Amino acid sequence: MTSWRLTKFNVVSMVFGFAFLYLPILLLVVYSFNASRLVTVWGGFSTVWYRELWNNRGLLDAAWVTLKVGLISASVATILGTMAAIALSRYKRFSGRTLMTGMVYAPLVMPEVITGLSLLLLFVAIDLDRGFLTVTLAHISFTMCFVTVVVQSRLMSFDRSLEDAAMDLGATPTVTFFQVTLPLIWPAVAAGWMLAFTLSLDDLVIASFTTGPGATTLPMKIYSQVRLGVTPEINAVCTILIAIVSVGVVAATLLNKRRLVRQARDERLAAGG
Amino acid sequence: MAAKIASGAMKSLGSIRRDFAPWLDQAAVPFIRFEAVTKRFGGFEAVDDLSLSIYEGEFFALLGASGCGKSTLLRMLAGFEAPTSGRIVLDGEDMADIPPYRRPVNMMFQSYALFPHMSVEKNIAFGLKQEGMAKGDISERVEQVLKLVKLEDFAKRRPDQLSGGQRQRVALARSLAKRPKVLLLDEPLGALDKKLREETQFELADLQYQLHTTFIMVTHDQEEAMTLADRIAVMDKGRILQVATPAEIYEAPNSRFVADFVGNVNIFEGKVAAATGDRVTIATSAGRKIHVASEVPVVAGQAVSYVLRPEKLRISAEPLSGPNVLEGEVWDIAYFGPVTSFHIRLDDGSTVKVAMVNATRQGPLQLTWHDRAFVQFDEDAGLVLTQ
C-alpha cells in the first residue's frame, strides 16, 4: 500500500472539494440566524426567524404532513422492500424472477416526472381523491426499491445455515425469521428505512403530482414560497431539515461502523484461533 | 456380499465396543431406515437408490470424498431436503411430511451456525424455548450441557468471544440440549487444527458412550471415521460401497475402491493362474507369480486383484525366507516418527509400499536410498478381491 500523506496539494483539493459541497449549505445555515429581513445582508445574530417560523401555521402544517408521510411511507416501504429482498435472494428459481428483479429495480432509474405522472393517472383512473393517502402511497412505491437494494446486499452475505440451525432446533419459519434472521439483518433494514424516510422527506416532484388540497408537503410549500421571494423563515426551516437529515446520516454511519468494528474483531479472533 | 463373507470369516473384526453389534442380530429392529432413497438436483443424482439401516445407540459414520452425497443424506434426515423418491423411517415413523422443526433429530453444523447475536447460554436455550420448557428447567438443562462440554465459565460470552475449539463445544452442547433421538454431525472436527482434533475425537467418543444417543457423522477424513464410529459406510457417487466396522473396512474391504480410499494399499492386478481350495496362485500383470490365500472362491483365468496393506510386509537388507519374496531398490523413504514408509522399486518395474514400525530408537534397518532391499509377505497377509 502506498503511504497516504497530507501534501499541500491534497489539502487544497480537499478544501475546495468540501467548499463546493458544503459552502451553500453553510451559507443557508448562517443566514437563518440573520437579524435582517433582507436575505443577502447580514444584520447581526438573531433567532427571530425560528420564532417567526413557530407562528407560521402554513409552514408548520406542511412540516407535519411531510413528517407523517415520511414515517408511514418509510415504514410500509421497509416492510414491503424487505419482503421483496428476501424473496429475491432466497427463491432462486421461481418463474418470472428476472422480470420481478427488473420491476423492483426500475423505479431506481425511472425519471421522477414519469413516476409521478403515471401514479397520477392511476389515481385518477381508479377515482381516488388526491390527498394525504395518495402521496403516502406514491412515496411507498418509489422508496420501496431502495430498501430492497440495501437489504438484498446484506442477505447475500447471510449464512443460511443459521436459519437451518434455528429450524433444526424446533423454530417454525416465522419464529426463525423474527428471532434469527431479522435481528441479524436489522442494521440493513434500519438503514433502508432511513433512506426511504429521507427520500420521502425531500421529494418535490412526485408529491406535486400526487397530492391534493390539504396535504401540501414541506418541499412543495418551500418551493411555492420561494417563487414569491426567499424569506429568512425558509432558511430556518431548511436548517432544521438539514439538522434532521444529518442526525439520520450520522446515526446510520455509526450503526454501520459498529458492525464493521465487530466484524473486524471477529476476524481477528478467528485468525488467532 | 463380500462384506458378509468377510465378517463371517474374520470373527475378530467386530465392534470396538464389546458386545455391541446390533447389525449382526437378525431380530434387531433398525432405528433409522433409508429405503431406496434417491435425490436429484436438476440432472445431478446426489443420492442414488440408497438403502441403509442404522441401529439405536450406534455411532455411525458416512465416509466419502466431497460430492459423494453424504451431506445430502444427512440433510434429508434432518429434513432440509426431501428425497426425490424413496422413504426415510425414523423410530418407526415415516419422515416424509414432517418438517425439520418437528423431527426428533438435531444437527451440529460444519460452520457451527451459532447465533452471533445471542450469548452461549441463549444459544443453548434457544431449542428448549421452542419446546415451551419452563424457565427453571431451561437454566438447569443449560447448566448441565455446559458442564458436559466443560464450558461452565463461558455461559455469558458471545460466540465471537470464543476460540474455534470453544465454539465447536458450544455447537455440540446446543445440539445435545434437546436430548434428540439422533444427533447428526456434519464434519464435526473439520474446522479444528490437528492437535485439537485428536483431543476432541476422544471426548466425542466418550460423550456418545455416556449418552447412548445415536450419532450419525459425515466426514471425508477416514482417520476420524475409524476412530469414532462403530460402523462406517463408504460412499461414492451417491451409492454406498460398503457398510462395516472400521476394522472390517480396513482389513476386509469389499472392493478396490474401498481398499484404496481407506488407508494406504498395494494393489497387485492379475489373473488366477491356479486355484486349489483356498490356495491361489496369481500371475500379476507385471509378470510375477504370487501365492496367496483367498477367502472368496475363484477359478483359473479369472481377473482378480490382491490388496496388501504396507504394514503387512517385511523388509530387510538381507535375503528373506518364506513365500513371496520380492527384490528391488529403495526408491523413497519417508520417516513419520512411529513408522517409516519405504517405496521399493521392484526389478519388474512396479513399486510396493512398505511400512515399518520403529519399535526401537536406533531403527533395525540400515537401508538408505538406492540400496538393494528384500520384501516378503505371507499368503494371508492380503486379500483377494474380484471387484
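Nothing in this text is a laboratory measurement; each read-out follows from the coordinates by a stated rule. The structure presented is a predicted model; accordingly, all values stated were derived computationally and were not measured. Counting neighbours? That spans all protein chains shown, and the Cβs are built from the backbone with ideal geometry, glycine included.
Using a Gaussian network model on chain A with a 10 Å cutoff between Cα atoms, which of A:I244, A:I234, A:I126 fluctuates the most? Comparing A:I244, A:I234, A:I126 in the GNM, the peak value goes to A:I126. The H on the amide N of A:G131, modeled in the peptide plane, is under 5 Å from the matching H of A:G212, each at least 5 residues off or on a different chain. Across B:P100, B:P22, B:P323, mean-square fluctuation computed from a Gaussian network of chain B (C-alpha pairs under 10 Å connected) peaks at B:P323. With K and R counted +1 and D and E -1, the other residues having a Cβ less than 15 Å from that of B:F154 yield a net charge of +4.
Take every DSSP beta bridge whose two residues both sit in chain B; close to 75 percent of them are antiparallel. Shown here for the stretch B:339-368: trypsin sites (Lys or Arg not before Pro) in loop regions (DSSP other than H, G, I, E, B) with at most 16 other Cβ atoms within 10 Å, namely B:R361. Counting only residues at least eight positions apart within a chain, or on another chain, there are no aspartates and glutamates with an alpha carbon under 13 Å from that of A:K257.
Can you give the charge dipole size of chain A about its Cα centre, rounded to the nearest 20 debye, using +1 on the beta carbon of Lys and Arg and -1 on the beta carbon of Asp and Glu? Walk me through the numbers on the way to the answer.
Numbers: 21 positive and 14 negative charges, 141 e Å.
Here the size comes out at about 680 debye.
Each stretch of four or more DSSP H residues adds -39500 (n - 2.57); spread over every residue of chain B, this sum gives -7000 deg cm²/dmol at 222 nm. With both labels modelled 7 Å from their Cα along Cα-to-Cβ, the B:Q302 to A:M100 distance reads 5.9 nm.
For chain A, the mean residue ellipticity at 222 nm estimated from helices alone is -25500 deg cm²/dmol, where every DSSP H run of n ≥ 4 contributes -39500 (n - 2.57) and the total is divided by all residues, rounded to the nearest 500. Out of B:A359, B:A125, B:A46, any idea which swings most in a Gaussian network model of chain B, alpha carbons joined below 10 Å? Of B:A359, B:A125, B:A46, the Gaussian network model singles out B:A359 as fluctuating most. Could you let me know the centre-to-centre spacing of the stretch B:42-78 and the stretch A:13-89, using Cα atoms, in angstrom? Here the answer is 61 Å between Cα centres.
For B:A355, neighbours were defined as the other residues whose beta-carbon sits under 14 Å from its Cβ, and their charges (Lys and Arg +1, Asp and Glu -1) total +2. The stretch B:208-256 and the stretch A:98-166 have their alpha-carbon centroids 53 Å apart.
For the stretch B:264-385, calculate the relative contact order in percent as a whole number, restricting contacts to Cα pairs under 8 Å that are 6 or more residues apart.
Values: 291 pairs, mean separation 37.2, N = 122.
Worked out over the stretch B:264-385, it gives 31 percent.
Rg and Dmax over the alpha-carbon atoms of chain B stand at 24.4, 76 Å. For A:C238, A:C145, the sequence from fewest to most other C-beta atoms within 10 Å is A:C238, A:C145.
Just to confirm a number: summing +1 for Lys and Arg and -1 for Asp and Glu over residues other than A:F33 whose beta-carbon lies under 14 angstrom from that of A:F33, what do you get?
Details: positive: A:R37, A:R51; negative: A:E52, A:E233.
Result for the neighbourhood of A:F33: 0.
Backbone geometry of the stretch B:232-238 corresponds, through the Karplus equation with coefficients 6.51, -1.76 and 1.60 at θ = phi - 60°, to 3J(HN,Hα) couplings of 10, 10, 8, 10, 8, 6, x Hz, x marking Gly and Pro.
Using Cα-Cα distances under 8 Å and only pairs 6 or more residues apart, what relative contact order does chain A have, in percent? Don't skip to the end; give the middle numbers.
On the way: 268 pairs, mean separation 81.5, N = 273.
It comes to 30 percent, rounded to a whole number.
Shown in residue order for the stretch B:353-361 are the 3J(HN,Hα) couplings computed by the Karplus curve 6.51 cos²θ - 1.76 cosθ + 1.60 at θ = phi - 60°: 9, 10, 10, 10, 6, 7, 6, 10, 5 Hz (x for Gly and Pro).
Under 5 Å from the amide H of B:R231 lie the amide H atoms of B:F59, B:A61, each residue being 5 or more positions distant or on a separate chain, with H modelled from the backbone and absent for Pro and chain starts.
May I ask you to derive the relative contact order of chain B, considering only C-alpha pairs under 8 Å and at least 6 residues apart, and to give it as an integer percent? List each step's numbers first, then the result.
Numbers: 777 pairs, mean separation 61.4, N = 387.
Once divided by the residue count of chain B, the mean separation gives 16 percent.
Working note: Karplus 6.51/-1.76/1.60 with θ = phi - 60° gives the stretch B:370-385 the couplings 6, 6, 6, 9, 10, 10, 9, 9, 7, 4, 9, 6, x, 9, 8, 10 Hz, where Gly and Pro are set to x. Extents of chain A, largest first, come to 69, 62, 31 Å (Cα atoms, principal axes, whole angstrom). When Rg and the Kirkwood Rh are both derived from Cα coordinates, the Rg/Rh ratio for the protein assembly as shown amounts to 1.16. As a proxy for reagent exposure, A:V261, B:V307, B:V280 were ordered by neighbouring Cβ count within 10 angstrom, fewest first; the result is A:V261, B:V307, B:V280.
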